[in-house]
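Asker: This is the structure I have questions about; it appears just below.
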Amino acid sequence: MGDLEESSVIELRKKRSKGRVHEYAYFNGFLRLKCDWKYLLSNLDTLSKEIGVYYESNGTKILLYGDVDRLVKKLVITCSVRQCTKSLRAIEKARDIVWELNYFEDTFWYSKIVENFERGGFWSVCRVVSSFRKLYKLDK
């Protein structure tokens with residue numbers, strides 16, 4: 001592991017709001033997405049094997065090593081859809097679609113999510129997810 005450089009960090013944090021505890025993933029310290037950790041870790045495990053990225057987790061922080069650009073984009077898109085979608089069927093279908101997206105589609109959706117998060121936070125990300133769901137017909 002000594003020759004691998006740390007490329008990306010995902011911090012896992014909990015926040016209490018109105019008597020409920022919510023789990024959040026912070027991607028490189030700037031993008032916060034509400035996503036349960038088990039869902040994030042299961043997607044990370046599957047995608048990292050598929051893409052060929054090494055990661056280690058200590059419970060609250062995930063360190064990604066290697067060429068993680070594509071992996072982070074797919075995780076951000078997947079977690080964004082997860083935070084803004086109630087239907088479990090739609091979430092699973094979206095995950096399968098995200099895994100099949102090519103580099104340009106990954107980059108487009110990732111940049112839209114980040115841009116809208118910086119502009120307006122949670123609800124702006126949900127507007128992008130709404131467009132994603134309509135385009136890929138997830139609501140039917």
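Asker: Where in the range 90-113 is the amide nitrogen less than 20 Å from a point lying 7 Å along the Cα-to-Cβ axis of Lys137?
Answerer: So the set is 90-102.
Asker: Continuing with this model, one more query. Positive end of the dipole of the range 6-135, charges at C-beta (+1 Lys, Arg; -1 Asp, Glu), about the Cα centre: which of Leu40, Gly121, Ala25 has its Cα farthest in that direction?
Answerer: My answer, from the dipole projection, is Gly121.
Asker: Here's another thing I want to ask about it. What does the charge count near Thr60 come to, summing +1 for each Lys or Arg and -1 for each Asp or Glu among other residues with Cβ under 15 Å from its Cβ? Walk me through the intermediate numbers first.
Answerer: Details: positive: Arg13, Lys14, Lys15, Arg32, Lys38, Lys61; negative: Glu11, Glu23, Asp36, Glu56.
Charge balance near Thr60 sits at +2.
Asker: Between beta-carbons, use under 10 Å as the cut-off and find the net charge around Ala94, counting Lys and Arg +1, Asp and Glu -1.
Answerer: Values: positive: Arg82, Arg89, Lys93, Arg95, Arg133; negative: Glu92, Asp96.
Net charge in that neighbourhood comes out at +3.
Asker: In the Gaussian network model of the chain, springs joining C-alpha atoms below 10 Å, which of Ser111, Ser124, Ser17 carries the largest mean-square fluctuation?
Answerer: Ser17
Asker: Now for a separate question. Of [x] 174; [y] 110; [z] 189, which one was derived for volume of the Cα convex hull per residue in Å³ from the structure shown?
Answerer: The listed entry that was calculated here is [y].
Asker: Let me ask another. Do the alpha carbons of any pairs in Lys15/Lys74; Lys34/Lys134; Lys18/Lys137 sit beyond 30 Å of each other, and which pairs?
Answerer: Details: Lys15/Lys74 24 Å; Lys34/Lys134 21 Å; Lys18/Lys137 33 Å.
Pairs exceeding the cut-off: Lys18/Lys137.
Asker: Would you mind computing, in nm to one decimal, how far apart the modelled labels at Arg20 and Glu92 are, each placed 7 Å from Cα along Cα→Cβ?
Answerer: Result: 2.2 nm between the two label points.
Asker: Taking the Cα centre of the chain as origin and charging only Cβ (+1 Lys, Arg; -1 Asp, Glu), how large is the dipole, in debye to the nearest 20? Don't skip to the end; give the middle numbers.
Answerer: Values: 26 positive and 19 negative charges, 255 e Å.
That gives a dipole near 1220 debye.
Asker: A further question follows. So which aspartates and glutamates can Lys93 reach, going by Cα to Cα under 15 Å and dropping same-chain residues fewer than 8 places off?
Answerer: Asp139
Computed from the coordinates by the stated procedures, all read-outs in this text should not be read as laboratory data. Nothing here was measured: the structure is a model prediction, and the numbers come from that model. Cβ atoms come from the backbone with ideal geometry, glycine included; neighbour counts cover every protein chain shown.
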